[in-house]
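Please read the structure below before turning to the comments.
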Amino acid sequence: MVTSADFETKVIETDLLILGGGMAACGAAVEAAHWAKKNGVKVTLVDKAAMDRSGAVAMGLSAINQYVGLKDGQNTLKDYVDYVRNDLMGIAREDLVADIARHVDSTVHLFEKWGLPIWKDEEGNYVHEGRWQLMINGESYKVIVAEAAKNALGLDNIYERVFIVGPILDGDKCAGAVGFSVRDNIFYVFKAKATLVAMGGAVHVFKPRSTGEGLGRAWYPPWNSGSSAYFALKAGAEMTCQEVRFIPIRFKDGYGPVGAWFLLFKSRATNAFDGEYMQENRGELEKWVPYGKVKPMPANLRNWLGMMDIMAGKGPLYMRTEEAIQKIAASEEDPKQAKKKLKELEAEAWEDFLDMTISQAILWAGTNTQPEEKSSEIAASEPYFIGSHSGASGAWVSGPADIAPKEYNWGYSQMSTVPGMFCAGDASGASSHKFSSGSCTEGRLAAKSAVRYCVENPDAPKVDDAQVEKLRAEILKPLDLFEQEKGKLSDPDINPVYMKPKMFMFRLQKIMDEYAGGVSAQFTTSEKLLEKGMELMDFLKEDSVNLAAENLHELMRCWENVQRMWQAEAHVRSVRFREETRWPGYYFRADVPQLDDENWKVFVNCKCDPASGEWEMIKRDVLSIYDD
Ligand code: SFD
Ligand code: AMP
């Protein structure tokens, strides 16, 4: 039994507070440590888990998806900016994308210096998976990057297994964060001059495909629950691209990645009748011009062409692994070499999954799948919020002074519209395709800027004790509610007064799935559906104050789900506001089924007033940093 009375309150005062311990936060830690030493700034990092294996890179990765090769003249900055803008159907903050792209190669070189094995060819050059992607032996990727971050900051400045719930404010400024330990009965108050939000994106907002015995299995890591979006919204920050969810096509049920198959192995993806949907459905692309004609085809359109076949009854879809492997092996003229190549390819195929999605390898083993003999099913997964991949949701942040249009720059780069609050990785929006390396780079950029903010704004924040007490009572309430009411029925999981977090999550997921275009609705929604979904979400919000927790773990689950609900609301409001369909394959607005560049080639931004709770929807211009 644990109640709020058992909790000690610990106040930590620091200058720069880094929230999260993932790719962006680790990059931030390394960079901040450097500038902090020069400027006498104290840096503190808080992660809900153990940094060694926290966040999206927990299991490792098999590729570094952003490497520009600027110095070698492989690509120009503009090449990358064009790629990202096109992939996002014309909607991207070019200044942010370019800022990350001009620094990302140096981050990759740091990874290598820290010990990450990057594949090399016989001449010693990096082995590319595709134009921007490098192959790695990445099982220990996160451990290596976390080690560098820990060495830079020192363990005394790192709090692991502390779950951050929300911000504390000093007027309109961010003054730090509150949260609790998930191991000990401690309520934490972190007071800071600058706060860098890097707590990833969100999963399990929508009902996942994996239910019942597979519940919890998803592509995106289950422990990223929308903490960044909640934190930023609660601080009153303007958010962007909240409608731009990401739906990856993945090996079905195990969520194995497809990148290596498409780009490295040059595999075909076909429907059940051997039809190559990306070729056969090409005519559809005319409807989505100019973006339907760009190369490579935007990720959402690749999804869409596959979905068309599913809706036409031509499913399942397959990755033709057997064909791709046999074709590469057969390109060796010498039969002995061909046999050797086949073995090599088999090993690479398994390693691709063992490096980053172990469950897919287990599923292959469990279904007697030999990739060199048998195709594997692929499918669109449920929607996720991951601004660092091919989605774009996150906070609206200031761009770099030297290249950002003046409308996009308000002093400190990577600072949100809330003074003192910086964002990076999945937490910052409209700068997609940063992936692991770009997120780490953006963390570095944000940390440098935030240290400068601390130096130029040296006054300690003023934090009202009443605000902290109110937050403490609110955050710990689920424990007290459980203790008071648990005896009402014989089963403590079911109660007329309270709701357990798992039930709450199911309710949220059902609303999102059925009304906001989840898997069951074939990713389709409309104004009327969204309106009804919002009505149901309002009831859910009302009930959220009656969440109950039996222990610390459930207390975390309660707040994770409240955070998901806020992410969900921002999404529904934004999908509703944008009266067009821009990203078929991510979601389809059946009532406005076309692209409308004339009215909607804009960013959809939103914010929620921390005092009144009123939401505001905002259109912002898409401005280019290039003249042509
Ligand atoms: O190919 C709290 N990504 C890939 N990137 C690549 O470069 N190569 C790949 O091979 C990639 N693949 C991939 C990728 C993602 C996923 C989920 C899979 C496969 C299965 C993308 C990158 O992983 C991604 O872009 C970055 O990791 C984003 O970095 P960041 O820092 O924004 O998020 P994070 O690393 O998940 O870290 C989040 C941290 O926040 C903590 N946290 N801490 C305190 N309080 C709270 N309330 C918190 N909530 C969360 C987390 O513990 C974590 O430390 S491929 O398939 O696409
Ligand atoms: P994924 O495994 O799907 O996350 O892909 C890894 C990387 O390859 C990302 O940068 C994707 O955008 C890219 N990618 C995946 N499939 C394709 C494809 N068919 N064409 C072009 N790029 C792709």
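The values are calculated or read from the model by the stated rules, or taken from the named source; none is laboratory data. Predicted model only: the values in this text are computed from it and were never measured. Glycine gets a Cβ as well: all are built from the backbone with ideal geometry, and neighbour counts include every protein chain shown. Remember, those area values only see protein heavy atoms, side chains included, never the ligands or the DNA or RNA. Shrake-Rupley method; radii C 1.70, N 1.55, O 1.52, S 1.80 Å.
Against the conditions (1) without any contact (Cβ under 8 Å) to a residue 12 or more places away in the chain; (2) under 30 Å from Ala380 (Cβ atoms), Phe523 satisfies every one except (1). Only one of the numbered conditions (1) at pLDDT 95 or above; (2) more than 30 Å from Tyr291 (Cβ to Cβ); (3) away from ligand 2 (no atom under 16 Å from the Cβ) is violated by Lys38, and that is (1). Within segment 254-275, residues that are basic (Lys, Arg) reach partners that are open to solvent by 30 Å² or more (accessible area, probe 1.4 Å) with beta carbons closer than 8 Å, at six or more positions or on different chains, in the pairs Lys266/Lys327; Lys266/Ile328; Arg268/Glu276; Arg268/Arg320; Arg268/Glu323. Just so you know, in segment 59-93 the residues that are open to solvent by 10 Å² or more (accessible area, probe 1.4 Å) and of a type in the set (D, E, K, R) include one that is nearest to Asp627 (Cα to Cα), and it is Lys78. Of (1) among the small types (Gly, Ala, Ser); (2) within 22 Å of Leu301 (Cα to Cα); (3) part of a loop (DSSP other than H, G, I, E, B), Ser574 satisfies all except one. Which? For Ser574, the exception is condition (3). When we screen Leu61, Leu70 for residues that are more than 13 Å from ligand 2 (Cβ to nearest atom) and either out of contact with any Asp or Glu (no Cβ under 9 Å at 6 or more places or on another chain) or touching a residue at least 12 places away in the same chain (Cβ under 8 Å) (or both), the only hit is Leu70.
Could you go through segment 222-236 and let me know if any residue there is within 14 Å of ligand 2 (Cβ to nearest atom) and either of a type in the set (A, V, I, L, M) or surrounded by fewer than 19 Cβ atoms within 10 Å (Cβ to Cβ) (or both). No, the conditions are met nowhere in segment 222-236. Within segment 175-199, being of a type in the set (S, T, N, Q) and surrounded by fewer than 24 Cβ atoms within 10 Å (Cβ to Cβ) holds for Ser181, Asn185. Within segment 278-294, restricting attention to residues that are without any contact (Cβ under 8 Å) to a residue 60 or more places away in the chain and of a type in the set (D, E, K, R), the residue that is least open to solvent (accessible area, probe 1.4 Å) is Glu284. Among the residues of segment 270-277, none qualifies, meaning not one is open to solvent by 60 Å² or more (accessible area, probe 1.4 Å) and within 16 Å of ligand 1 (Cβ to nearest atom).
Just to be sure, is Glu286 more than 15 Å from ligand 1 (Cβ to nearest atom), over 30 Å from Thr369 (Cα atoms) and in contact with a helix residue (DSSP H, G or I) (Cβ under 7 Å, 6 or more places away or on another chain)? In short, yes. Among the residues making up segment 201-252, those that are among the charged types (D, E, K, R) and in contact with a Lys or Arg (Cβ under 7 Å, 6 or more places away or on another chain) are Lys207, Glu238, Glu243.
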